[in-house]
Amino acid sequence: MRRLLPALVALLLVALAAPASATPPTERTISDPAEAGKAYDIVSVTMKAAPAAGRKAQVTVVHSRRVDVGDGIDVWVDTDDDRVPDLFITGLSFSEYGVYKARDWDRHHQDITDRGCASVKMTGARSVIRFDPSCLGASERFAVSVRSHGQDRPARTDDYVPRPERWTKKVLSYAS
């Protein structure tokens, strides 16, 4: 028993420490290197938790240049930890945006733009996407995948953070 006691204590300490270290932060920034061949180059993506329930979380995308006619932004959001997109938010410069309930990376069937779950604003060298993490159901944390592109530009000039069909690390949905 004396030999097992230190091992059990060590195991208990590891188990107690694991959830604390696994808790995501309320804000996270992902830097992306400048790439000359990209249509609307992304240099960083910052995800920020909503201040409280009923408020909106924010994703700020910083680009290497100011927005121009034909620039677009797409954001996939996972709000329920199943690693499958729940929301697809898309916008074009100086134009409307759309919000869709997503089933996977390519299927965005139900248009929920009129629910007020999300908004897109593209000004200067920033795209700001705000969304309600609990728009489709309870949410404790979220991850995103971002794509910027230029209309009438080849797909190879699209820029992704982190990569196509890959998620960022999570942040908490709500700061409080």
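Any read-out appearing in this document is the output of simple, stated calculations on the displayed coordinates, not a laboratory observation. This one's a predicted model, so the numbers in the text were calculated from it and none came from an experiment. Positions of Cβ are generated from backbone atoms using ideal geometry, with glycine treated the same way; all protein chains shown enter the neighbour counts.
Some values worked out for this structure:
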{"read-out": "Inter-centroid distance (Cα atoms) of the stretch 107-168 relative to the stretch 51-86, Å", "value": "4 Å"}
{"read-out": "Summed residue charge, Cβ within 11 Å of A175's Cβ, Lys/Arg positive, Asp/Glu negative", "value": "+1"}
{"read-out": "Rounded tilt (10° steps) of 4-22 against the dominant C-alpha axis of the chain", "value": "20 degrees"}
{"read-out": "Amide hydrogen neighbours beyond the local backbone of T79, cut-off 5 Å, H modeled", "value": "D86, L87"}
{"read-out": "Cβ-based charge dipole, the chain, positive-most Cα from T90, P162, A36", "value": "P162"}
{"read-out": "The chain: mean projected area of Cα convex hull, nm²", "value": "12.6 nm²"}
{"read-out": "Calculated from backbone phi, Karplus (6.51, -1.76, 1.60) coupling profile of the stretch 96-112 in Hz, x at Gly/Pro", "value": "7, 10, x, 10, 10, 6, 9, 10, 6, 5, 10, 10, 10, 8, 8, 6, 10"}
